[in-house]
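The values are calculated or read from the model by the stated rules, or taken from the named source; none is laboratory data. Just so it is clear, the model here is predicted, and its values are computed rather than measured. As a convention, Cβ positions derive from the backbone with ideal geometry for all residues, glycine included, and neighbour counts pool all protein chains shown.
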Amino acid sequence: MTSRERILAAMSLHTPDRVPVMCQLSIGHMLQQLKVSPSAFWFDAPTFAQGLAELRELYQFDGILVSLHGHKRNWREEVLKIEQHGETEVLTFKDRKMVFTQDDLPTVRFHEPVERPLIDEADPGEIPDRIDYIPVSQDLYFNLDLETRFEIFDLLHAQVGDSISIHGEVTSPFDYLLDYLGHENALMALVAYQGKCKALLQRFTDGIADLAREMCAQEIDAVKISSPFAGMGFISPDFYREFVLPYERQVIAAIIGGGKYAYLHTCGAIGDRLEAMEASGASGLECLDPPPLGNVELEDAVRRIGQSMFIKGNIDSVNTLLHGTDESTFTDVRRCIEIGKTGKGFILSTACSIAPHVERYRVQALSQLAQEYGQYGA
């Protein structure tokens, strides 16, 4: 099987020749390996595509996740000043200053504080029809060029061809709500202004579903829905079913209606809502963080949802890959492979992103171990 065929078999709950391997890499880890300009890697589509292709080759992954899209071709024209301090780059724009390092996401400081509406004044009608940004983290946005929203997929496909599975990414409506109102105010609003929150969520959902439909027309196999704040650490199972599930279900329907696989990415503890996530209609689920990062044991997840969803996980990137010994790391990876093979569809992966300072040889070992121990019928 080719790498792409292997991933497609797992996502369709069919048996591949061996367990496929595909991990999400943190921006910091990618930069540590590539040693390219961090600002160019962030803003420049050709640089980003080239880096993704090189890392896939380095680690022999069966698939590539494209976490950023919509790069602006003229992004350098918006930069007023670039300062270089060792490996650190400081870029000044009209509205903000961004600091880029080789081991993390960029940090941003706006010249004026980001204004967020009060919930009782928030107007769903003011949310644009077309989603034109990704809320990456607090005050860190990736602004989308609506004319080149999907150019990155063409560039990457030109690099790797049809033999590698390429996945796109959109962000959950719940994340957009948290960013729009501010996390603290949004969580309080879920209790005091439920109707308004639902109206805002639906407005974001409409735009994200449209974005997902258009993304599905690209040469990709799946779309990941990034939903990191939908776990036990933020909202209860009841609130998950009320404020996350109905809206993610619409995005999932748009992706599957576009002929692609849809999978959910939720960090942390999700052991109390695996069946609710299954009810979303998603094709698969990651991260399935094990203790102590989360509370999901892979064997339990396979038993509960492993016959109806593909599972992508659940190696602990911090306590296993980063801080574990070689022996404990390889033992844990083998354990994940053996348990994962008992489900209908399994993709070996770290539970969440590979941490920035994980040693290269340990990531390379994942594909080697999958080839050695991941054969089906063996």
Could you list, in sequence order, the residues of segment 239-250 that are under 13 Å from Leu264 (Cβ atoms) and either without any contact (Cβ under 8 Å) to a residue 40 or more places away in the chain or assigned to a loop (DSSP other than H, G, I, E, B) (or both)? Tyr240, Val244, Leu245, Arg249
Please find, within segment 40-56, the residue that is farthest from Phe93 (Cα to Cα) out of those that are buried (at least 20 other Cβ atoms within 10 Å of the Cβ) and among the hydrophobic types (A, V, I, L, M, F, W, C). Leu52
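Residues checked against (1) among the polar types (S, T, N, Q); (2) closer than 21 Å to Ala262 by Cα:
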position: Ile311; (1), (2): no, yes
position: Val318; (1), (2): no, no
position: Thr329; (1), (2): yes, no
position: Cys336; (1), (2): no, no
position: Gly340; (1), (2): no, yes
position: Gly343; (1), (2): no, yes
position: Glu359; (1), (2): no, no
position: Gly374; (1), (2): no, no
With respect to Pro113, determine if the residue is assigned to a loop (DSSP other than H, G, I, E, B), of a type outside the set (D, E, K, R), closer than 20 Å to Thr171 by Cα and modelled with pLDDT under 95. no
Taking first residues from segment 189-204 that are within 9 Å of Ile119 (Cβ to Cβ) and second residues anywhere that are surrounded by fewer than 19 Cβ atoms within 10 Å (Cβ to Cβ) and not acidic (Asp, Glu), the pairs with Cβ under 6 Å that are 6 or more apart or on different chains are Leu200/Pro124
Residue satisfying condition, being closer than 14 Å to His167 by Cα and not basic (Lys, Arg), within set Ala230, Ala253, Ala222: Ala222
Wholly within segment 265-378, helices (runs of 4 or more DSSP H) carrying at least 2 residues that are among the polar types (S, T, N, Q): 326-340, 360-373
Within segment 125-136, track down each residue that is surrounded by fewer than 15 Cβ atoms within 10 Å (Cβ to Cβ) and in a strand (DSSP E or B). Tyr133
All conditions in (1) touching a residue at least 24 places away in the same chain (Cβ under 8 Å); (2) within 26 Å of Leu13 (Cβ to Cβ) are true of Glu214 except (2)
From Leu298, Leu274, Leu245, Leu293, which residue is of a type in the set (A, V, I, L, M), surrounded by fewer than 22 Cβ atoms within 10 Å (Cβ to Cβ) and farther than 21 Å from Val223 by Cα? Leu293
Evaluation of Glu89 against (1) part of a loop (DSSP other than H, G, I, E, B); (2) of a type in the set (D, E, K, R); (3) in contact (Cβ under 8 Å) with a residue 24 or more places away in the chain (one fails), failing number: (1)
What do you reckon, is Leu190 under 21 Å from Ala282 (Cβ atoms), touching a helix residue (DSSP H, G or I) at 6+ places or on another chain (Cβ under 7 Å) and not charged (D, E, K, R)? no
Go through the residues of segment 310-325 one by one and say whether even a single one is more than 26 Å from His357 (Cβ to Cβ) and either free of Cβ contacts under 8 Å to residues at least 24 places away in the same chain or under 21 Å from the mean Cα position of the chain (by Cα) (or both). yes
Number of the exception - Ser172 against (1) within 30 Å of Asp62 (Cβ to Cβ); (2) out of contact with any Pro (no Cβ under 9 Å at 6 or more places or on another chain); (3) among the hydroxyl-bearing types (Ser, Thr, Tyr): (2)
Could you tell me which of the residues Arg273, Arg249 is basic (Lys, Arg) and touching a helix residue (DSSP H, G or I) at 6+ places or on another chain (Cβ under 7 Å)? Arg273
Return yes or no: is Gly313 touching a Cys at 6+ places or on another chain (Cβ under 6 Å) and either surrounded by fewer than 18 Cβ atoms within 10 Å (Cβ to Cβ) or not polar (S, T, N, Q) (or both)? yes
Within segment 326-378, how many residues turn out to be surrounded by fewer than 22 Cβ atoms within 10 Å (Cβ to Cβ), touching a His at 6+ places or on another chain (Cβ under 7 Å) and aliphatic (A, V, I, L, M)? 1
